[in-house]
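The values are calculated or read from the model by the stated rules, or taken from the named source; none is laboratory data. What you are looking at is a predicted structure, and each value in this text was computed from that prediction instead of being measured. Because the Cβ atoms are built from the backbone with ideal geometry, glycine has one as well, and the counts that use them run over all protein chains shown. When the accessible area is computed, the model is the full protein with side chains, heavy atoms only, and any ligands, DNA or RNA have been set aside. Shrake-Rupley method; radii C 1.70, N 1.55, O 1.52, S 1.80 Å.
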Amino acid sequence: MDPRFLQALADALPGDSVVRDASELLIYESDALVHLRNRPGAVVLPRSACEVQAVVRLCHDHRVPFVARGHGTGLSGGALPHPDGVLIVLSRLNRILDVDPDNQRVVVEPGVTNLQITQRVAPLGLYYAPDPSSQSVCSIGGNIAENSGGAHCLKYGFTVHHVLGIEVVLPNGALVTIGGSTVDTPGLDLLGVFIGSEGTLGVVTKVTLRLLRKPEAVLTLLAAFDSIDAAGGAVSSIIAHGIVPAAVEMMDRLTIQAAEAAVHPNFPDRDAVLIVELDGPQIEVDELFEVVERVCREAGAVSVEIARDQGQRDRIWKGRKAAFAAMGRVSPNYYVQDGVVPRTKLPEVLGRIRDLSVRSGLRIGNVFHAGDGNLHPLICYDGSIPGQAEHAEKVASEILHYCIEAGGAITGEHGVGADKKRYMADMYGAVDLDTMQMVRCAFDPSNICNPGKVFPTPRLCGEVPGPYRAHPVETLGLAERV
Amino acid sequence: MSVVSSAETVTPSTASEAAGFLLQAAHDRTRVTPVGCRSRLHLATDPSRLIALSCCGLTTGFAHHAGDLVATVPAGLSLSAANASLASQGQWIPLDPLAGSHTTIGGLVAMNDSGPRRHGYGSPRDLIIGIEVALANGTVAHGGGRVVKNVAGYDLGRLFCGSRGSLGLITAVTFKLAPLPRASRTVVAHYASAADAARAALVLARSALTPSCLEVVAPEPRLLVRFESTASSADRMAEHTRALLAGASRADIVRDENERAVWERHHATFEVAPRVDKLVALPMRVPDLLEELTRLADVTALSARPAVGVVDIVTNGPRPHPALARVTSTLEAHVDVVRGDPHDPLTVEPPRSTAGVMRAVKQQFDPAGILAWPWEPR
C-alpha cells in the first residue's frame with residue numbers, strides 16, 4: 001500500500017487502532033468462510049463513528065478500497081478483505097447506547113451481538129426478534145449487511161422488518177442517518193435497500209431497532225418421522241390449516257446423528273425430525289397447538305414430544321442450533337450450502353439432493369427452515385483426500401442450480417458475498433443486475449466500498465459490460481459516451 | 001405498440017410497452033406521472049405539462065402459489081380483485097389501505113399505503129418479496145423473487161415501495177400472503193377524548209393480546225380493537241379486552257354485519273377525503289399529538305395507530321392548518337401528504353445529507369428527470 005496513505009491512516013487513529021504487522025493480519029484473512037482468504041493491506045479498529053469516518057474519507061481521497069467487518073461470522077466471504085485495501089473491524093463499537101422500553105426501541109453500535117440485545121431487554125419483557133443460529137457471536141452490523149433471519153423469521157420477518165434507522169458512513173466519507181426512530185421517514189426507502197446490501201453501500205456506525213414484547217405462551221413440539229417426505233407433508237398440512245407457526249425446522253438422519261453426538265439433545269434416531277413452535281396469547285396457542293399435534297400424527301409421526309418447560313424447549317433448540325458445528329462429529333470436513341426453494345418444491349429438490357449424494361459418493365446432511373423452504377445441505381468430505389474439497393464444492397454448486405430451477409434463490413440468509421457472485425447471473429437477468437448496479441453507483445460511484453462482492457463482474461459505474469452495446473438512451477440520441 | 005392513449009393518460013398493457021413509453025418520454029423530455037386507476041394527478045408538479053402513465057392495463061400474469069403462501073399480482077389489478085381470487089384458497093394480502101380496496105396494486109405499493117391492519121400485519125413494505133418495474137431507460141427489471149426468504153442482490157422491491165412513481169412504473173408485485181382469519185371480532189370502546197383512547201391503546205399494546213387493529217378514531221372518540229383468529233380465540237380475546245378497558249364510558253363487542261359496518265364507515269371517511277395527511281411520531285407521543293390535533297378546528301377526522309406511531313388526519317380545505325407545523329415540531333413528529341398537494345410547506349424533506357443519496361438514486365433511474373420528485377417543498 002502507498003506509504004503516504006498508511007501514514008495518514010496512522011495519523012488519523014490512536015496507535016493501537018491500526019494493525020500492520022503481518023502475523024497480526026493473519027487472523028483477519030477470512031470470515032467464517034475460511035477457504036476464501038486475502039491478507040488485507042491494513043486493518044483498523046475504530047472506537048467511534050468519527051474514527052470510521054476519518055478512515056473512509058482517507059480511503060475515498062486516496063481511492064483505496066475498504067471492507068467493513070463485524071465479528072467475522074459470515075458464511076459467504078462478504079467480509080473477505082481486499083489485498084490492497086483497508087479492513088474496518090467494528091468490534092470495538094460495542095455499546096448499547098439507549099433502551100426505550102415505552103416506545104420499544106433500542107439504540108446500539110454495530111459491534112453489539114444479536115443476543116446481547118435480547119439479554120439486555122429481557123428483564124423488561126422485550127426481545128429482539130431476528131435470531132440467526134450464530135446469534136450469540138454475530139454482530140448486529142453484520143446482521144444488517146446480510147438481512148439476517150433465523151428460525152423465527154417465518155412469523156416475525158427478517159432484520160429489515162426490525163430496523164428503524166441507521167447511522168452510516170457513506171463511501172464518500174459523509175456521515176448520514178437513514179431512517180430514524182419512527183416508522184416511515186420521508187423520501188425513498190434507502191433503509192430497505194441498504195439492509196442486505198452486504199457492506200457495499202456504506203459502513204453502519206449506529207442502529208435503532210424495534211423490540212417486540214415477549215409472547216404470553218410458547219409451545220414447542222418435536223415430531224419424528226420415518227421419511228422426510230412425511231415430515232414435509234406435515235408442514236404443508238399445518239400451513240393448509242391456516243396456521244403460521246413461529247418456527248418450523250427440519251433435520252434429517254445424518255444431522256440428527258451429528259447433533260446427538262455433539263450436544264445430546266435426545267432426538268429420536270429417525271429419518272427426520274420436525275420442530276414446530278407456536279407463540280402468542282395462551283388461549284390462541286393452546287387451540288392451534290392441538291391442531292399441529294394432530295396434523296403431525298396424521299402425517300405419520302412415529303413420536304411427538306411436547307416441551308413441557310423452558311428447559312425442554314432449550315434442549316430441543318440446542319440440538320437444532322448446533323447442527324452446523326456438530327457435523328464435525330461425523331465428517332472431517334463439510335461444506336455448508338444455503339439455498340431456497342418454494343416450500344412446495346421441497347420434496348422434489350430433496351429427492352434430487354439424495355440422488356446427487358449417491359451419484360457423488362459424498363454424504364449430504366440436510367437441516368432446513370422447512371416453513372420457508374430455506375435449505376442448508378451439509379456436504380461431507382475429507383479434505384485430506386486430494387480433490388475431494390473441490391468435488392464437494394461442485395456438489396454444492398449443483399444444489400444451488402436445483403434451487404434456481406425450482407424457482408428459488410441462491411441464498412436465504414448467508415448472503416452472496418464473494419462466494420456466490422458467480423451464480424447471480426443464473427438467478428437474475430442482465431437488466432436486473434444492471435439495475436442493481438445503478439443503486440450501487442448512486443452510493444459508491446468510485447467502487448471502493450467492499451468491491452468485488454455480490455455482483456458477478458465488478459465494473460465501473462457507467463461502464464457497459466461485455467461487448468459494446470448501445471444504451472437505449474444513446475440510441476435515441478439523448479446521451480453520448482465520452 | 002398497442003398502447004391505448006388519450007390526451008392525458010397512456011395505458012400500456014404490458015411492462016415492455018410501459019418501458020418503451022418511458023424511453024420515448026425521456027427522449028422527448030415529456031414529464032410522466034405513474035398513476036393507478038383512480039389518478040392522483042394532484043401529486044404532479046405541474047399537471048399541464050405531463051402525461052399520466054396508468055398501470056390499469058397491466059392485468060395479466062396473476063399467479064397464486066397457495067402452498068407457498070405467495071402470489072404475483074399484476075399492478076393494474078385492484079387489491080379487492082386480487083383478494084377475491086386469493087380467498088378461494090383461504091388466503092389474502094392482509095392490507096386495508098386508506099385509499100380503499102379498489103386501489104390498484106401498483107398504486108398501493110407506490111404509496112406504501114396502509115390502514116388499521118398495519119398494527120398486526122404491517123404495510124406493503126413488509127409483505128413484498130418480489131417486484132417488476134418499467135424504467136425510464138426502456139428496460140423492464142426484476143428484484144427479489146417468489147420465495148419469502150431471499151437475500152440475493154439489492155432489494156429493489158423496497159426501493160420502489162413508497163417511491164411514489166419517482167423511479168419508474170411498478171408493473172407487478174409478488175407478496176407474502178397470510179391465511180384468511182377464520183373469525184373476526186371488534187371491541188368498540190368510547191372515550192371522552194381521542195387522547196384518552198390512545199392512552200388505553202398503548203396500555204393494551206403492552207398486554208399479551210395480539211389484535212390485528214388497534215385504532216383510535218375521531219371525531220366521535222373511540223378505540224377499535226380487532227381480533228382476527230379462530231372464533232373461540234377472537235371471542236375470548238375480545239372479552240378480555242373489554243374487561244381491560246375500564247376507562248371507557250362504554251365498550252361493545254361487534255361481529256358479522258355490525259362489525260363490517262363499523263369498519264366500512266371508518267374507511268369511507270378516508271377514501272373520499274380530498275386531503276389526507278399522515279403524521280408520524282414515537283408511539284408514546286401519540287396521545288399528546290391527538291390532544292393537540294383535536295384542538296385544530298379544521299381537522300375533521302382522524303385515525304391513529306398509536307402503537308405504530310402513525311396518525312392520519314382529514315382537514316377541511318386544500319391546505320392543512322398552519323398550527324400543524326407548531327404541533328409537529330413540539331412533538332418531534334413529521335407530516336407526510338397522503339392525498340393532496342405534496343409540495344406544501346409542511347411536507348418534510350429528507351435530511352439534507354440523505355436527500356443527496358436519494359437524488360443520486362433518482363439520477364441513476366431517471367437521468368432525464370421526466371418523473372416527479374415529491375419530497376421537495378415548493
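With 0.36 nm allotted per residue and the present C-alpha distance subtracted, the B:GLU376-B:ALA246 stretch has 42.3 nm of extension available. Our estimate of slack between A:GLU24 and A:ARG4, defined as 0.36 nm per intervening residue step minus the Cα-Cα distance, is 5.1 nm. Counting Cβ atoms of other protein chains within 10 Å of each Cβ in B:155-166 and taking the mean gives 5. With every protein chain in place and a 1.4 angstrom probe, the accessible-area ranking of A:TRP317, B:TRP375, largest first, reads A:TRP317, B:TRP375. Each Lys and Arg adds +1 at its Cβ and each Asp and Glu adds -1 at its Cβ; summed about the Cα centre, region A:107-260 shows a dipole of about 460 debye. Taking the charge dipole of the protein assembly as shown about its Cα centre, with +1 at Lys and Arg Cβ atoms and -1 at Asp and Glu Cβ atoms, the residue from A:GLN119, A:GLY192, A:LEU274 reaching farthest to the positive side is A:GLY192. What the Cβ-Cβ distance of A:ASP286 and B:ARG295 gives, at R0 = 60 Å and to the nearest 0.05, is a FRET efficiency of 0.85.
Beta bridges assigned by DSSP with both partners in chain A are antiparallel in approximately 85 percent of cases. Computed over chain A, the per-residue total of -39500 (n - 2.57) for DSSP H runs of n ≥ 4 gives a 222 nm mean residue ellipticity of -10000 deg cm²/dmol, rounded to 500. Considering only alpha-carbon pairs that sit under 8 angstrom and 6 or more positions apart, the relative contact order computed for region B:1-180 is 25 percent. Each chain gives up part of its surface: B and A jointly bury about 6600 Å² of accessible area, both sides summed, for a 1.4 Å probe. Element breakdown for chain A at a 1.4 angstrom probe: carbon and sulfur atoms account for 51% of the accessible area. Charges were assigned to the Cβ only: +1 to each Lys and Arg, -1 to each Asp and Glu. The resulting dipole of the protein assembly as shown about its Cα centre is roughly 540 debye.
Per residue, region B:131-243 exposes 25 Å² of accessible surface when a 1.4 Å probe is rolled over the protein heavy atoms with every protein chain present.
Distance from the C-alpha centroid of region A:28-83 to that of region A:387-435: 24 Å, rounded to the whole angstrom.
Assign one of three labels to region A:96-213, namely rounded, prolate or oblate, based on the Cα gyration tensor with a ≥ b ≥ c the square roots of its eigenvalues; rounded applies when a/c is under 1.5, prolate when it is not and a/b is larger than b/c, and oblate otherwise. Since a/c reaches 1.5 and a/b is larger than b/c, the shape of region A:96-213 is classed as prolate. Residue ranking by accessible heavy-atom surface, 1.4 Å probe, largest first, among A:ASP61, A:ASP338 comes out as A:ASP61, A:ASP338. A Förster radius of 41 Å, combined with the Cβ-Cβ distance separating A:ARG297 from B:ASN258, puts the computed FRET efficiency at roughly 0.55.
Across region A:331-415, the mean sequence separation of Cα contacts (distance under 8 Å, 6 or more residues apart), normalised by length, yields a relative contact order of 43 percent. Here the dipole of chain B is about 400 debye; that uses its Cα centre as origin and unit charges on the Cβ of Lys and Arg (positive) and Asp and Glu (negative). Counting only lysines at least 8 places from A:LYS394 when in the same chain, those with an alpha carbon closer than 25 Å to its own are A:LYS345, A:LYS420, A:LYS421, A:LYS453, B:LYS149. The calculated FRET efficiency for the pair A:ILE385 and B:GLU332, based on their C-beta separation and a Förster distance of 56 Å, comes to about 0.30. With the charge dipole of the protein assembly as shown set up from +1 on Lys and Arg Cβ and -1 on Asp and Glu Cβ about the Cα centre, the Cα lying farthest toward the positive end among the listed residues A:HIS401, A:ALA10, B:GLY247 is that of A:ALA10. Compared with the alpha-carbon gap, the fully stretched path from A:ASP16 to A:ARG63 is longer by 14.5 nm at 0.36 nm per residue. In this label model, A:ARG37 and A:HIS241 are separated by 5.1 nm, measuring between points 7 Å along each Cα→Cβ vector. Measuring from centroid to centroid over Cα atoms, what is the spacing of region B:80-125 and region A:246-293 in Å? Cα centroid to Cα centroid, the span is 33 Å. Please state the shape class of the protein assembly as shown: rounded when a/c is under 1.5, otherwise prolate if a/b exceeds b/c and oblate if not, all from the C-alpha gyration tensor. Rounded shape, in that the Cα axes give a/c under 1.5. Answer rounded, prolate or oblate for region B:183-339, using the Cα gyration tensor with square roots of eigenvalues a ≥ b ≥ c: rounded when a/c is under 1.5, else prolate when a/b is larger than b/c, else oblate. Prolate shape, in that a/c is at least 1.5 and a/b is the bigger ratio. Note on region B:145-212: with neighbouring protein chains present and a 1.4 Å probe, carbon and sulfur make up 56 percent of its accessible heavy-atom surface.
Can you tell which of B:SER85, B:SER303, B:SER212 shows the greatest fluctuation in a Gaussian network model of chain B with Cα springs below 10 Å? Sorting by GNM fluctuation, first place goes to B:SER85. In straight-distance terms, cross-link reach from A:LYS214 covers every one of the lysines whose alpha-carbon lies under 19 Å from its own, apart from those fewer than eight places away in the same chain; here that gives A:LYS155. Estimated from helical segments only, the mean residue ellipticity of chain B at 222 nm is -9000 deg cm²/dmol, where each DSSP H run of four or more residues counts as -39500 (n - 2.57). In this simple spin-label model, placing a label point 7 Å from the Cα along the Cα-to-Cβ direction at both B:GLU220 and B:ALA63 gives a separation of 4.7 nm.
Computed over chain B, relative contact order equals 16 percent, with contacts defined as Cα pairs under 8 Å that lie 6+ residues apart.
When the charge dipole of region A:257-389 is built from unit charges on Cβ atoms (+1 for Lys and Arg, -1 for Asp and Glu) and taken about the Cα centre, the candidate among A:TYR381, A:ILE283, A:VAL295 whose Cα reaches farthest toward its positive end is A:TYR381.
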